[in-house]
Amino acid sequence: MREYTPPTTIRAYRKNFERFIEFCEGKGTSALPLNQVVVANFIKPLSDTQLKSASIRIAVASISAIHRLKQEQDPTTHPDVKIELRRMHRNLGRGCKQAAGIDAELLSRMVKSTGNTLKGIRNRALLLTAYDSMCRRSELVSLKVNDLIIDQENKSIKIKLKRSKADQDGLGKWLYLSKSSQAALIDWIKASGILDGMLFRGVTRDEKITEGLSATQINRIYKLIAKKSKVDASIIKHISGNSMRVGAAQDLLKSGASLPMMMQRGRRSKAGTVMRYLENTSEIYTNNPRSQREWTAF
């Protein structure tokens, strides 16, 4: 079975491999297949640019992915390439900046600024769903109306994430939603009149609804709402599509949740990634605090 690759990752691979093709053309060699010396020489000048080590690792991963896809020998596994990567890490380090977390307090502030226009109703449902579900941005934009089970009598919603980065086999998983998130989703569906297709969509200035949203638009939406909420510019600068996952994880830690619980809620397979989310959390297990939000698990 072919491994599921998010569209954002595919775009990053394409962009990086196009850069690599230009490098190879400048050296008078072929980009596919190639030998390890070319890859090592490709890494060296990148270390002297403004790129961070994480970006260079993605560039090398792109070369690896394209070769594996074409069933060619992967040149990035050679010792020469690994030595050059270690040299690059010694120069640049391996650290990466953590996205600013949108926790419950900041979320509440942002929700209050959304307003009752069609776009405001959409934004409110998007914010609350993203926080409660801890969805990645690619997961958010992949949700469809048909993934919802709506109980009109009880005004409640069940929503299933059919596929994610951590669910390569497409087994699906029911998401955690608070009552406020369910109500916001119902408001959005009623206001938009969407009957099928993508759940979250763009809204134009004249309040026309588009066919969907791209993952990159999620970043901009969060930043625009934060700016409208008069959040400090230094925080807005570090808000990204991952901010909801970071903030929700930090709130779970403050509420006394265990690491396995946080990994399960965020659909994470590696504890190290979750721990990076918690680096900037100062209030940890103080007086055994209880969460201020009530959750309904489906």
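The values are calculated or read from the model by the stated rules, or taken from the named source; none is laboratory data. Fair warning: this is a prediction, and the values are worked out from it, not measured in the lab. Glycine also receives a Cβ, built like all others from the backbone with ideal geometry; neighbour counts cover every protein chain displayed. Keep in mind that these areas ignore ligands, DNA and RNA; they rest on the heavy atoms of the full protein, side chains included. Shrake-Rupley method; radii C 1.70, N 1.55, O 1.52, S 1.80 Å.
How much length is gained if the chain between Met261 and Lys44 is pulled fully straight, taking 0.36 nm per residue apart and subtracting their Cα-Cα distance, in nm to one decimal? List each step's numbers first, then the result.
Values: separation 217, 0.36 × 217 = 78.12 nm, distance 4.17 nm.
Length gained, Met261 through Lys44: 74.0 nm.
In the full protein assembly as shown, how much of His238 is accessible to a 1.4 Å probe, in Å² to the nearest 10?
For His238, the solvent-accessible surface is approximately 70 Å².
Do any trypsin sites (Lys or Arg not before Pro) in the range 185-265 lie in a DSSP loop with no more than 12 other beta carbon atoms within 10 Å, and if so, which? Intermediate values should be presented prior to the final figure.
Working: sites: Lys190, Arg201, Arg205, Lys208, Arg220, Lys223, Lys227, Lys228, Lys230, Lys237, Arg245, Lys254, Arg265; in loops: Arg201, Arg205, Lys208, Lys230, Lys237.
Answer in residue order: Arg205, Lys208, Lys230, Lys237.
What distance in nm separates the two pseudo spin-label positions at Val145 and Ala61, each 7 Å out from Cα along the beta-carbon direction?
Between Val145 and Ala61, the label points sit 3.5 nm apart.
Measure off 7 Å from each Cα along the Cα-to-Cβ vector at Lys70 and Lys155, then give the distance between these two points in nanometres to one decimal.
5.8 nm
Looking only at the range 51-88, which residues have a backbone nitrogen under 12 Å from a spot 7 Å from the Cα of Arg11 in the C-beta direction?
Zone members listed by number: none at all.
Would you work out the relative contact order for the range 1-138, in percent, from Cα pairs under 8 angstrom that are 6 or more residues apart?
Values: 96 pairs, mean separation 32.9, N = 138.
Relative contact order comes out at 24 percent.
In percent, how large is the relative contact order of the range 172-265, given Cα pairs closer than 8 Å and 6 or more residues apart? It would help to have the intermediate numbers written out before the result.
Details: 43 pairs, mean separation 15.2, N = 94.
Once divided by the residue count of the range 172-265, the mean separation gives 16 percent.
Please calculate the 1.4 Å probe accessible area of Asp206, with all protein chains present, and give it to the nearest 10 Å².
My reading of the accessible area for Asp206 is about 100 Å².
Set the Förster distance to 25 Å, then compute FRET efficiency between Ser108 and Leu51 from the Cβ-Cβ distance, nearest 0.05. Please list the in-between numbers first.
Values: r = 37 Å, r/R0 = 1.48.
Calculated value: 0.10.
Given R₀ = 41 Å, what would the calculated FRET efficiency be for Glu18 paired with Asp187, taking r from the Cβ atoms and rounding to 0.05?
Values: r = 43 Å, r/R0 = 1.04.
Approximately 0.45, to the nearest 0.05.
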